[in-house]
Amino acid sequence: CTDFEGKLHKFGSQWKTKDCMDCSCSREGIGCCTSYMTPVTYDSEKCESIFNKLTCSYNVVEKADHSKECPVFEWVG
C-alpha cells in the first residue's frame, strides 16, 4: 500500500500518522481512523477541550484555570 505521503507499507502492517490517525494496510487497501476519543458531554460553559497533538488526546480543563481538569461524562471515537 502507498499512503498519503507516498510511503510504502507491507500488507498486514499498521502505523500511526502525524495527524493522530491509526492506519493499516490490507490487500483491499488502506484504512484509517482517529486514534483518540473526543469529549462530548462536559460543562462547556465552565470548561473547554484542548487537543494535545503530541499525546493524541484531549484534555478538558476549566477556561479560567487550565491546571484544573473538568469531569467528562461522555466520549466518542
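Laboratory data are not the source of any read-out in this text; all were calculated from the coordinates shown. Since the model is a prediction, treat every value here as computed from it, not as a measurement.
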Across the chain, how many lysine pairs separated by 8 or more positions, or lying on different chains, have Cα atoms within less than 18 Å? 6
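What length, rounded to one decimal in nm, is gained on full extension from Thr41 through to Val76, with 0.36 nm per residue of separation minus their alpha-carbon distance? Mind showing how you got there, number by number?
Values: separation 35, 0.36 × 35 = 12.60 nm, distance 0.96 nm.
Answer, rounded to one decimal: 11.6 nm.
Below 8 Å, C-alpha to C-alpha, sequence gap of six or more: please give me the relative contact order for the chain in percent.
Working: 132 pairs, mean separation 17.7, N = 77.
Value for the chain: 23 percent.
On average, how much area does the Cα convex hull of the chain cover when viewed from any direction, in nm²? Don't skip to the answer; put the middle values down first.
Working: hull surface 24.4 nm².
For the Cα atoms of the chain, the hull's average projected area reads 6.1 nm².
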